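Read through the structure below, which is laid out as structure tokens, and then see the notes.
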Amino acid sequence: MDLARAHGLSTQAVRNYEAAGILPAAERGPQGYRSYTARHARALDAFLALVPGHGHAAAAAILQAVHRGATADALRLVDEGHARLLDDRRTLTSVEAALRDLDPVPPERGDVFVGPLAHRLGVRPATLRKWERAGLVRPRRDPRTGYRVFGAADVRDARLVAQLRRGGHLLERIAPVLDRVRSAGGVEPLAATLTDWHARLTARGRAMLRGAAALDAYLEG
């Protein structure tokens, strides 16, 4: 069987997959050539189907576990992938709920110290320090005085935390929201990405289903 051509891969790629344990070991003919069978094709089908949902490294680990006879380990890795997807869905739900509770955050200019910012937000300075310890705000330190200095992005984050806390959101659920705000470059850019975020999670979930079906077909033999 020309396994490489059938799957649109190079011969070297197939050999690498075999060497890595992603494919079962192939028997060799009298001339030393590898002989690939329908079993190898099903293994490669399973691996290639798992990659879009789980990623290359996890898909490889799943097939490697199967080929060393550790099917339970392989299924645990599949479960862990689904658990990560569920966690990502929960993060998205938290972000959407948080954004619904947010008022527009005006742009900030200049730097501000902890006391004036706490007064502006209606919280105690100790509360801002607690948020800092939780990683929710990240002020820099003035090199001369050691005082905390909040730049524009830090003030934005502090305003968001204050609003979300008033809305009843727990600190541990606020952290992923802020991570997304920072990576998106602000609240408005983040809100614009939610539809795409939903689509990517849906695509990943369906890819996992296809990968599971291909893996099950391989395990059935």
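Which of the residues that make up segment 63-83 are of a type in the set (A, V, I, L, M) and more than 9 Å from I22 (Cβ to Cβ)?
Within segment 63-83, A65, V66, A70, A72, A74, L75, L77, V78, A83 meet the criteria.
Which of the numbered conditions does A152 fail, given that it passes all the others? Conditions: (1) under 28 Å from the mean Cα position of the chain (by Cα); (2) more than 25 Å from G185 (Cβ to Cβ); (3) hydrophobic (A, V, I, L, M, F, W, C).
Answer for A152: the failing condition is (2).
Which one of R180, R173 is farther than 25 Å from D111 by Cβ, among the charged types (D, E, K, R) and buried (at least 16 other Cβ atoms within 10 Å of the Cβ)?
Only one candidate passes the filter, namely R173.
Here are some residues: V149, V137. Which one is part of a strand (DSSP E or B) and of a type in the set (A, V, I, L, M, F, W, C)?
V149
Name every residue in segment 110-133 that is exposed (fewer than 14 other Cβ atoms within 10 Å of the Cβ), at pLDDT 90 or above and either in a loop (DSSP other than H, G, I, E, B) or under 29 Å from the mean Cα position of the chain (by Cα) (or both), in order of residue number.
G122, R124, R133, listed by residue number.
Report every pair of residues separated by at least 6 positions or lying on different chains whose Cβ atoms are under 8 Å apart, first residue within segment 171-183 and not assigned by TED's automatic domain parsing to the domain that holds V137, second outside any helix (DSSP H, G or I).
Hits for this filter: zero, empty list.
Give just the number: which of (1) under 26 Å from the mean Cα position of the chain (by Cα); (2) in contact (Cβ under 8 Å) with a residue 12 or more places away in the chain; (3) more than 14 Å from Y218 (Cβ to Cβ) does I22 not satisfy?
(3)
Restricting to segment 208-221, name every residue that is surrounded by 13 or more Cβ atoms within 10 Å (Cβ to Cβ) and outside any helix (DSSP H, G or I).
Correct list: empty.
Go through segment 108-133 and give me each residue that's without any contact (Cβ under 8 Å) to a residue 24 or more places away in the chain and not hydrophobic (A, V, I, L, M, F, W, C).
G115, P116, H119, R120, R124, P125, T127, R129, K130, E132, R133
For every residue, the table says whether it meets (1) in the same structural domain as A213 (by TED's automatic domain parsing); (2) part of a loop (DSSP other than H, G, I, E, B); (3) over 30 Å from T202 (Cβ atoms).
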{"position": "L9", "(1), (2), (3)": "yes, yes, no"}
{"position": "P24", "(1), (2), (3)": "yes, yes, yes"}
{"position": "P30", "(1), (2), (3)": "yes, yes, yes"}
{"position": "R42", "(1), (2), (3)": "yes, no, no"}
{"position": "D45", "(1), (2), (3)": "yes, no, no"}
{"position": "A59", "(1), (2), (3)": "yes, no, no"}
{"position": "L63", "(1), (2), (3)": "yes, no, no"}
{"position": "V78", "(1), (2), (3)": "yes, no, no"}
{"position": "T91", "(1), (2), (3)": "no, no, no"}
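For segment 165-207, enumerate the residues that are aliphatic (A, V, I, L, M), part of a helix (DSSP H, G or I) and under 20 Å from L136 (Cβ atoms).
L171, I174, A175, V177, L178, V181, A184, V187, L190, A191
If we scan segment 34-45, do we find a residue that is in contact with a strand residue (DSSP E or B) (Cβ under 7 Å, 6 or more places away or on another chain) and farther than 19 Å from L215 by Cβ?
Yes, some residue in segment 34-45 is in contact with a strand residue (DSSP E or B) (Cβ under 7 Å, 6 or more places away or on another chain) and farther than 19 Å from L215 by Cβ.
Among the candidates G167, G205, which residue alone is small (G, A, S), under 19 Å from E96 (Cβ atoms) and loosely packed, with under 15 Cβ neighbours inside 10 Å?
Matching residue, one of G167, G205: G167.
When you look at T37, is it at pLDDT below 95 and crowded, with 18+ Cβ neighbours inside 10 Å, yes or no? Explain how you work it out, then say what you get.
Numbers: at pLDDT below 95: yes; crowded, with 18+ Cβ neighbours inside 10 Å: no.
No.
What is the residue count in segment 193-210 for residues that are of a type in the set (V, I, T) and under 11 Å from L85 (Cα atoms)? Can you show your working first?
Filtering segment 193-210 down to residues of a type in the set (V, I, T) leaves 193, 195, 202.
Checking the rest, the ones that are also under 11 Å from L85 (Cα atoms) come to 202.
Number satisfying all stated conditions: 1.
State yes or no: is L99 within 30 Å of D157 (Cα to Cα), in contact (Cβ under 8 Å) with a residue 12 or more places away in the chain and over 19 Å from the mean Cα position of the chain (by Cα)? Walk me through it before giving the result.
Numbers: within 30 Å of D157 (Cα to Cα): yes; in contact (Cβ under 8 Å) with a residue 12 or more places away in the chain: yes; over 19 Å from the mean Cα position of the chain (by Cα): yes.
Spelling it out, L99 is indeed within 30 Å of D157 (Cα to Cα), in contact (Cβ under 8 Å) with a residue 12 or more places away in the chain and over 19 Å from the mean Cα position of the chain (by Cα).
The values are calculated or read from the model by the stated rules, or taken from the named source; none is laboratory data. What you see is a predicted model; the values in this text were computed from it and never measured. Every residue, glycine as well, gets a Cβ built from its backbone with ideal geometry; the counts of neighbours run over all protein chains shown.
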